[in-house]
């Protein structure tokens, strides 16, 4: 009897080992079909959402979840959701009312911050008027909200007249950086996690926004457009009075966390935005339609550049949209949003990939 059990046990172990080996061999031969041949920095690309418009997905501090904005199904404009890194357990964490944008986890991952228009109107606000050109809406009804991780108890954070949005958090866990029109122009501000110590970091006329800290919290990378000529200044001010901006000539900038040592990193006629520091602190990944035959086309790819402006390298090679990249803390994973391999035209999904340096 013992001999029989021993033989059965040995056979079971052997069979299990064979199955594991077969599974490993099968997974090793499955083609990585969600990226393109030139994308040598990406491996094991996985689609985490499937349908609708999904974007701006950012890691939690523990890097076990992502928080992102999505328009799909019953939701007629963006709401905030969380999900696991494999795309499971998607959960609505905003109110389901108004329009939301730019969400982020707070230190400890027990609370979140995002911008929403729901206090002004529970319906979706009107979309931008594209008869004025390719414009983005900077809704004056956007205010920042802090809520529990599950979305409960949302409370206004530093409310003020005009646009407040684009909040992200220092990896050190001590500061929030965001874009606001509270002083009459679109500028970048920092504030302590508890809402004290508000400080304006940019003062030049024009749009300064989309800020992210580097990994030691000492620097901030952001996008900016500063009109120069009288015609550019007049158009910028006119559009801003209508809660509009043109994203056609954004450049990437870096400054110290206190607002000092501002310097421009990119210098081209294209739209460059959504910058994020590589964990080595020496490189910035960002989204740009650089190289597009028509700057108005949605032909955006991910690019990487050194912080001194050298070494520009194209990372993704898709003829529609790749954007909103974020690394995890050790640079082994990259999450981004893309139109690639969507089921319907114009759908945008969240992807995660292994990063190959």
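The values are calculated or read from the model by the stated rules, or taken from the named source; none is laboratory data. Bear in mind that the values here come from a model prediction, so they are computed numbers and not experimental data. As a convention, Cβ positions derive from the backbone with ideal geometry for all residues, glycine included, and neighbour counts pool all protein chains shown.
Just wondering, is there one or more residues in the range 103-119 that are under 17 Å from residue 70 (Cα atoms) and over 18 Å from the mean Cα position of the chain (by Cα)?
yes
Please determine whether any residue of the range 235-246 is farther than 25 Å from residue 140 by Cα, in contact (Cβ under 8 Å) with a residue 24 or more places away in the chain and buried (at least 20 other Cβ atoms within 10 Å of the Cβ).
Looking through the range 235-246, none of the residues is farther than 25 Å from residue 140 by Cα, in contact (Cβ under 8 Å) with a residue 24 or more places away in the chain and buried (at least 20 other Cβ atoms within 10 Å of the Cβ).
Any idea how many residues of the range 172-185 are in a loop (DSSP other than H, G, I, E, B), in contact with a strand residue (DSSP E or B) (Cβ under 9 Å, 6 or more places away or on another chain) and closer than 20 Å to residue 196 by Cβ?
Selection size over the range 172-185: 4.
For residue 308, all conditions in the list (1) more than 20 Å from residue 85 (Cβ to Cβ); (2) free of Cβ contacts under 8 Å to residues at least 60 places away in the same chain; (3) surrounded by 16 or more Cβ atoms within 10 Å (Cβ to Cβ) hold save one; what is the number of the exception?
So residue 308 meets the others, but not (3).
Given the range 83-168, what strands (runs of 3 or more DSSP E) lie entirely inside it while holding 2 or more residues that are in contact with a helix residue (DSSP H, G or I) (Cβ under 6 Å, 6 or more places away or on another chain), more than 18 Å from residue 72 (Cβ to Cβ) and in contact (Cβ under 8 Å) with a residue 40 or more places away in the chain? Please lay out each step first, then the result.
Numbers: elements: 100-105, 111-116, 143-148, 155-157.
Passing ranges: none, list empty.
Please tell me if residue 169 is in contact with a strand residue (DSSP E or B) (Cβ under 9 Å, 6 or more places away or on another chain) and at pLDDT below 95.
Against the criterion (in contact with a strand residue (DSSP E or B) (Cβ under 9 Å, 6 or more places away or on another chain) and at pLDDT below 95), residue 169 does not qualify.
Within the range 176-190, track down each residue that is more than 16 Å from residue 250 (Cα to Cα) and under 20 Å from the mean Cα position of the chain (by Cα).
176, 177, 178, 180, 189, 190
When you go through (1) farther than 19 Å from residue 271 by Cα; (2) out of contact with any helix residue (DSSP H, G or I) (no Cβ under 9 Å at 6 or more places or on another chain); (3) not in a helix (DSSP H, G or I) one by one for residue 247, which number turns out not to apply?
In the conditions (1) farther than 19 Å from residue 271 by Cα; (2) out of contact with any helix residue (DSSP H, G or I) (no Cβ under 9 Å at 6 or more places or on another chain); (3) not in a helix (DSSP H, G or I), residue 247 misses (1) alone.
Step by step: first the residues of the range 169-205, then only those that are free of Cβ contacts under 8 Å to residues at least 24 places away in the same chain and more than 28 Å from residue 62 (Cβ to Cβ), then the one that is surrounded by the most Cβ atoms within 10 Å (Cβ to Cβ). Which residue is that?
First pass over the range 169-205, keeping only residues free of Cβ contacts under 8 Å to residues at least 24 places away in the same chain: 180, 182-184, 187, 189, 192, 194, 196-197, 203-204.
Checking the rest, the ones that are also more than 28 Å from residue 62 (Cβ to Cβ) come to 180, 182-184, 187, 203-204.
On the way: 180: 25, 182: 16, 183: 12, 184: 10, 187: 23, 203: 11, 204: 13.
Looking at the filtered set, the residue picked out is 180.
Which ones in the range 186-204 are part of a loop (DSSP other than H, G, I, E, B) and either closer than 20 Å to residue 233 by Cα or modelled with pLDDT under 95 (or both)?
186, 202, 203, 204
Residue by residue, here is whether (1) at pLDDT 95 or above; (2) under 26 Å from residue 330 (Cβ atoms) holds:
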| site | (1), (2) |
| --- | --- |
| 11 | no, no |
| 17 | no, no |
| 25 | no, no |
| 35 | no, yes |
| 42 | yes, yes |
| 78 | yes, no |
| 83 | yes, yes |
| 86 | yes, yes |
| 104 | yes, yes |
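Can you find a residue in the range 205-213 that is at negative phi, touching a strand residue (DSSP E or B) at 6+ places or on another chain (Cβ under 7 Å) and not in a strand (DSSP E or B)?
no
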